[in-house]
Amino acid sequence: MDRDPGVLKASASKPKIRAAQYLRMSTDLQTYSIENQKDAISDYADIMGYDIVATYEDAGKSGLQINGRAGLQRLLADIEAKRADFETVIVYDVSRWGRFQNIDESASYEYRCQMAGVRIEFCAEQFANDGSIGSDMLKVIKRSMAAEASRMLSQKVFIGQSRIVKMGFRGGGYAGYGFRRLLVDASRKPKAILKPREWKSLVTDRVILVPGPAEEIAIVRWIFKQFVKGKLEVEIARALNERGVVTDLNRPWTTASVRGIVTNEQYIGNNVWNRTSERLHRKRVRNPPSEWIRAENVSELLVSRRLFNRAQAVAKARPVRISNDQMLVDLSNLLEKRGWLSGSIINADPGCSTKRLYIHRFGSLQAAYRLVGFEASLNYRHFNINNELHRRRLEIIKNLVATIGQAGGLAHYDPKTDLVSVNEEFTIAISIARCRPSTYGYPHWPFHKRQRADPEVSVLIRMKPDNVTVRDYVIAPASEAQRAAPMLSPNNGVRLDAFLFQSLDPLVEMARRAPLEGSPWG
């Protein structure tokens, strides 16, 4: 089925057919660079008489699934919505369309295009995609080959990674609390301690675990000792959080993070890998112990084997599965304590199971919420809080104006400019920021910077998590406020935190005027 260039050469007088090109390059196949694909498609278009009028591109995207491939998704959406101003889509080859492990998925996307009147052509394949029996058979074979190439590559990577782990090197991931990742060369000569989110760059380099700071090692040993004494994971997590200790990921401690330490063999020098897997972008699964890849005595022990074994005995004796009823009791207690529920609030509380477990057990967070009597609409809650904060802000402004007057000054609030004028000498802009818990439960305060009527002084009222009580006030020159980040955290650096106050008294003192001689107020 080789094409004859003489037959395929388009006539110069024939109008060109409008076509689009789809380009994809995955990180594991650099030979299929985007530019190489463009050049091949351009040559093919000249021969076939096509005019490339649109480009859809997925650079650095895996072909195993359509998720994450914005280019292919947009192509399908444009074609099916009749927004496509072309009749043909040119792709370099079948593998660039996708390496879907179910070849019917690959065919389904092509079929959707055909049903909308747009055909797919593969410029580097040795068959014409014309619907003939021969081309259809070759295309099915090519799809299977594309899928198999990914499976073979995955298996090769797995074998190579297993070998590295068995040699005592790190198989990837974070070091874990109490450890640090040491970068070594091929001869195990130390090169550098890797910081969080730093990774090796040379193929020949390897990573091993080494003990971290002494204070972290002491906390690890304390956790193990408390656990074997009978302390529950939630009690240990609560004690650590009260002491201000955070995990290696800079998060509050939870039941899961404590259990993750007391059951992890790396604290007795063992390297265990492949406990879970999600090969070929499939759903993550827990592998049986028989499939784990192990290497023993490859790093320094942080706790004795005797203490570790006692911890495993305690862990096995405790019921691992928490009942649905107990989960709802914990959720109800959290609602009573916080007055509101969200995924981040649940994950940040050591006494609660994770958000993911609630979704797994009850189908959704909303279903669990309903069972504990939490029915508030998020939009209504957000709207209600904003209304209350607006009212609270106006109340604070009114009290400030009155207090300045009692101190002998003159203050006036102008609703048009939203500024407080003091003694006709300077103006104050007063904003209020609701408290929002971050993904890990830490509070932060987003606020909008002023775009008009620049004041001399800016005040930001920061609320407590209940969004009812004032936490503190940021009273700063307007220039400093403009330089501040639009999202404040509990600690913002000395430059900004120097302007934190527990009341608006500094403004009252700035506005205070000594009573005039002979004044009835003297």
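The values are calculated or read from the model by the stated rules, or taken from the named source; none is laboratory data. Treat the numbers as computed from the prediction; the structure is a model and nothing was measured. All Cβ positions, glycine included, derive from the backbone under ideal geometry; neighbour counts span all protein chains shown. Note: areas computed on protein heavy atoms with side chains; ligands, DNA, RNA excluded. Shrake-Rupley method; radii C 1.70, N 1.55, O 1.52, S 1.80 Å.
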Picking from Leu371, Leu307, which residue would you name as being in contact (Cβ under 8 Å) with a residue 40 or more places away in the chain and open to solvent by 90 Å² or more (accessible area, probe 1.4 Å)?
Leu371
Flagged in region 93-129 as outside any loop (DSSP other than H, G, I, E, B) and in contact with a Gly (Cβ under 6 Å, 6 or more places away or on another chain), in numbering order, are Ser106
With the checklist (1) exposed (fewer than 14 other Cβ atoms within 10 Å of the Cβ); (2) touching a Ser or Thr at 6+ places or on another chain (Cβ under 7 Å); (3) of a type outside the set (Phe, Trp, Tyr) in hand, flag the one item Glu233 doesn't pass.
(1)
Looking at region 140-154, which of its residues are among the basic types (Lys, Arg) and either more than 31 Å from the chain's Cα centre (by Cα) or within 16 Å of Tyr92 (Cα to Cα) (or both)?
Lys142, Arg143
Across region 310-337, the tally of residues that are open to solvent by 60 Å² or more (accessible area, probe 1.4 Å) and in contact (Cβ under 8 Å) with a residue 40 or more places away in the chain stands at 1
Say we look at region 250-277 and pick out the residues that are outside any loop (DSSP other than H, G, I, E, B) and of a type in the set (D, E, K, R); which of these is nearest to Gly160 (Cα to Cα)?
Glu265
Does Tyr380 count as assigned to a helix (DSSP H, G or I), crowded, with 17+ Cβ neighbours inside 10 Å, modelled with pLDDT under 90 and not basic (Lys, Arg)?
no
Output the residues belonging to region 251-281 that are open to solvent by 70 Å² or more (accessible area, probe 1.4 Å) and either free of Cβ contacts under 8 Å to residues at least 12 places away in the same chain or among the small types (Gly, Ala, Ser) (or both).
Glu278
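Residues are listed down the side, and each one gets a yes or a no for (1) over 30 Å from Ile133 (Cα atoms); (2) buried (at least 20 other Cβ atoms within 10 Å of the Cβ); (3) modelled with pLDDT under 90:
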position	(1), (2), (3)
Gly6	no, no, yes
Ser11	no, no, yes
Ala19	no, yes, no
Ile34	yes, no, yes
Ala45	no, yes, no
Gln65	no, no, yes
Arg83	yes, no, no
Phe86	no, no, no
Asp93	no, no, no
Select from region 130-166 the residues that are polar (S, T, N, Q) and either open to solvent by less than 20 Å² (accessible area, probe 1.4 Å) or assigned to a helix (DSSP H, G or I) (or both) and write down the one among them that is farthest from Leu72 (Cα to Cα).
Ser162
Every listed condition ((1) exposed (fewer than 14 other Cβ atoms within 10 Å of the Cβ); (2) hydroxyl-bearing (Ser, Thr, Tyr); (3) in contact with a helix residue (DSSP H, G or I) (Cβ under 7 Å, 6 or more places away or on another chain)) holds for Tyr111 save (3)
Filter result for Ile293 (crowded, with 19+ Cβ neighbours inside 10 Å, touching a residue at least 12 places away in the same chain (Cβ under 8 Å) and either in contact with a helix residue (DSSP H, G or I) (Cβ under 6 Å, 6 or more places away or on another chain) or more than 23 Å from Ile208 (Cβ to Cβ) (or both))
no
